[in-house]
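Enquirer: Quick one: the structure is below, questions incoming.
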Amino acid sequence: ETEKRFVQEMRTLSGLRHPAIVQVLGGGRHEARGYLYMAMELIDGEDLHKRIGRGAIAPEEHAHIFKEVADALGYAHSKGVAHRDIKPANIMLRSDGSPVIVDFGIAVSQGQTRHTQSGMVPAYPMLVLFLVSFDFFIFFY
C-alpha cells in the first residue's frame, strides 16, 4: 500500500509543471537496496505553518500566497489532479516569499483508485482552516 502511494505520488507530480507546485526531478528503485526514491527540487525556505507561528502576516502577503496557491490548485485540477491535503504545513515558502505546494502523497488523478474511505473528505477541513487564517471566505460548488 505504501509503495503504491509513493509510485502514485511520483507519477502524479511528474506530470505537473507549475511554478507553485514542487517539481519532481526523477525517481525509481535503487537496484542494489531495492527501495524507492524520488528526487524533487530543493525549496530554500520554510513551510507556511512555521511562518504563521512566527507572527502576523501582512494582508498583501496573505493575498499573494492565496492567489498563487489557488492558481496552482486550479492548474492541478485542470490536469485532473486533486491534492486532497492542502494545509499550511504542505505549502513551502521560498526565500522570496513565493509559495510552493508539496506533499501530493494522497492526491488522486482522474481514473486512479482513491485510498480513503467512501464518504471521507480528508482535505476540506484543513483547507477551510487555511482559508480562514487568511480572512477569506470561499464557497465551493
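Enquirer: Answer yes or no as to whether residue 103 is out of contact with any strand residue (DSSP E or B) (no Cβ under 9 Å at 6 or more places or on another chain), surrounded by 11 or more Cβ atoms within 10 Å (Cβ to Cβ), modelled with pLDDT of 70 or more and at positive phi.
Expert: Here the answer is yes, as residue 103 does meet what is asked.
Enquirer: Restricting to region 86-97, name every residue that is at negative phi and open to solvent by less than 30 Å² (accessible area, probe 1.4 Å).
Expert: If the condition is that a residue be at negative phi and open to solvent by less than 30 Å² (accessible area, probe 1.4 Å), then 86, 88, 90, 91, 93 are the ones that fit.
Enquirer: Find the residue count for region 75-90, including only residues that are assigned to a helix (DSSP H, G or I) and of a type in the set (A, V, I, L, M, F, W, C).
Expert: Number satisfying all stated conditions: 2.
Enquirer: If residue 72 satisfies all but one of (1) open to solvent by less than 40 Å² (accessible area, probe 1.4 Å); (2) over 22 Å from residue 14 (Cα atoms); (3) in a helix (DSSP H, G or I); (4) of a type outside the set (Ser, Thr, Tyr), what's the number of the condition it fails?
Expert: Residue 72 satisfies all of (1) open to solvent by less than 40 Å² (accessible area, probe 1.4 Å); (2) over 22 Å from residue 14 (Cα atoms); (3) in a helix (DSSP H, G or I); (4) of a type outside the set (Ser, Thr, Tyr) except (2).
Enquirer: Residue pairs, Cβ under 7 Å, 6 or more apart or interchain, first in region 21-47 and among the hydroxyl-bearing types (Ser, Thr, Tyr), second surrounded by 14 or more Cβ atoms within 10 Å (Cβ to Cβ) and in a strand (DSSP E or B). List them.
Expert: 37/27
The values are calculated or read from the model by the stated rules, or taken from the named source; none is laboratory data. Just so we're clear, the structure is a prediction, and the values are computed from it rather than from any experiment. For neighbour counting, all protein chains shown are included, and Cβ atoms are generated from backbone atoms with ideal geometry for every residue, glycine included. All accessible areas refer to the heavy atoms of the entire protein, side chains included, with ligands and DNA or RNA removed. Shrake-Rupley method; radii C 1.70, N 1.55, O 1.52, S 1.80 Å.
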